[in-house]
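Visitor: Sending over a structure as structure tokens; questions will come in a sec.
All of the numbers you see were taken from the coordinates with simple rules; none came from a lab. Remember, predicted model here, so these are calculated numbers, not experimental data. Positions of Cβ are generated from backbone atoms using ideal geometry, with glycine treated the same way; all protein chains shown enter the neighbour counts.
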Amino acid sequence: MLNVFEREAPAGSARPARLPQTDCAEGASEEAAAHDAVLLEDQYFGIVYEDAAGFESTRAVIARKIKFNSAGIPLLCAHCCERKAYREFRMDRIVECWDAETGEYAEAGTFLLEVIGFDVSTRAPALDVSPEKMDAVFSMIRPHVILLSALSRCDRYMHQAEVTEIVRHSASVADCMSLSGDEMGLVRARVRRVRPSSEGVDEALDELRCRPAGEVAGFIAAAVAVVKADGKIRDAEVAMLDDLALELTGLGVDDLMPG
């Protein structure tokens with residue numbers, strides 16, 4: 001069976017594949033909206049894509065799903081055969097598409113409506129989000145998110161179960177704010193995006209030390225839950241948990257996780 005992951009642009013294509021020097025996942029830096037994704041069926045086709053700098057690139061893609069960014073703009077989530085990696089492309093920046101079988105080009109809107117059944121002019125409905133409230137929420141949960149994300153990433157991988165624990169704890173810290181589903185989606189997006197620096201961890205520790213004792217105790221319980229979340233307790237996680245616990249409570253990890 002043909003391995004589409006190894007296919008180049010189809011024979012007879014009007015344009016060879018062209019890629020920018022640097023290539024980030026388009027839209028990935030934007031907070032994802034809390035709207036359901038549109039699942040696709042791994043359709044294989046090509047796109048001519050114009051990035052934010054105006055550079056046009058030609059890609060062979062395997063379409064996985066469509067999701068929306070925080071502005072409601074649809075993103076085509078796909079495997080890029082040139083980069084051999086997952087990429088997200090803003091659908092309003094797809095200029096043309098080409099058919100994988102014939103190599104023929106077509107206007108993007110018409111092609112995508114016929115092939116994947118999605119109208120590129122579709123926008124997600126406005127989010128149920130209060131910017132002022134979210135500013136207050138992010139300020140409230142900031143030290144928790146930074147420290148728990150650093151703990152999760154100390155083994156260089158943030159497991160989905162760890163994300164769930166961090167989001168759950170963050171929601172409990174901001175419980176008084178009565179977050180909507182869309183606002184919870186922004187909290188999850190913030191958790192996934194955080195890449196704590198050592199300076200950021202030190203600042204978060206200083207900030208958390210000034211919070212009420214009950215909040216600190218809740219953080220320690222959440223930290224233990226994050227370490228256990230993926231079912232694998234790693235030495236790096238235990239060492240960092242021990243440091244955090246000693247800094248905040250004077251207790252070591254053996255007191256927190258006996259046995």
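Visitor: Taking 7 Å along the Cα-to-C-beta vector as the label spot, tell me the Glu199-Ser130 distance in nanometres, rounded to one decimal.
Guide: 3.4 nm
Visitor: Related question: Could you give the length gained on full extension between Ala161 and Ala53, defined as 0.36 nm per residue of separation minus the Cα-Cα distance, in nm?
Guide: Gain in length upon complete extension: 35.2 nm.
Visitor: How many angstrom lie between the C-alpha centres of segment 178-221 and segment 62-129?
Guide: If we compute the Cα centre of each part, the gap is 34 Å.
Visitor: Please work out how much length the chain gains when fully extended from Asp235 to Thr122, using 0.36 nm per residue of separation minus the C-alpha to C-alpha distance, in nm with one decimal.
Guide: Gain on extension, Asp235 to Thr122, equals 35.9 nm.
Visitor: With a point put 7 Å past each Cα toward its Cβ, work out how far Thr102 is from Gln43 in nm, to one decimal.
Guide: Between Thr102 and Gln43, the simple spin-label model gives 1.5 nm.
Visitor: Shifting gears a bit: Using Cβ counts within 10 Å as a stand-in for footprinting exposure, how do Ser197, Ser172, Ser152 rank, fewest first?
Guide: Ser197, Ser172, Ser152
Visitor: Evaluate the distance, in nm, between pseudo-label points positioned 7 Å from the Cα of Cys176 and of Cys210 along their respective Cα→Cβ axes.
Guide: Label-label distance for Cys176 and Cys210, simple model: 1.6 nm.
Visitor: Still on this structure, please answer the following. Around Leu113, under 12 Å between beta carbons, what's the net of Lys plus Arg minus Asp minus Glu among the other residues?
Guide: Net charge in that neighbourhood comes out at -3.
Visitor: From the square roots a ≥ b ≥ c of the eigenvalues of the alpha-carbon gyration tensor of segment 71-149, which class results: rounded (a/c under 1.5), prolate (a/b over b/c), or oblate?
Guide: Verdict is oblate for segment 71-149.
Visitor: Ranking Met177, Met91 by Cβ neighbours within 10 Å, fewest first, what do you get?
Guide: Exposure proxy ranking, most exposed first: Met177, Met91.
Visitor: How much FRET efficiency would the formula 1/(1 + (r/R0)^6) give for Arg192 and Thr249, where r is the Cβ-Cβ distance and R0 is 35 Å, rounded to 0.05?
Guide: Calculated value: 0.80.
Visitor: Going by how many other Cβ atoms sit within 10 Å of their own, how do Tyr49, Tyr44, Tyr157 line up, fewest first?
Guide: Tyr157, Tyr44, Tyr49
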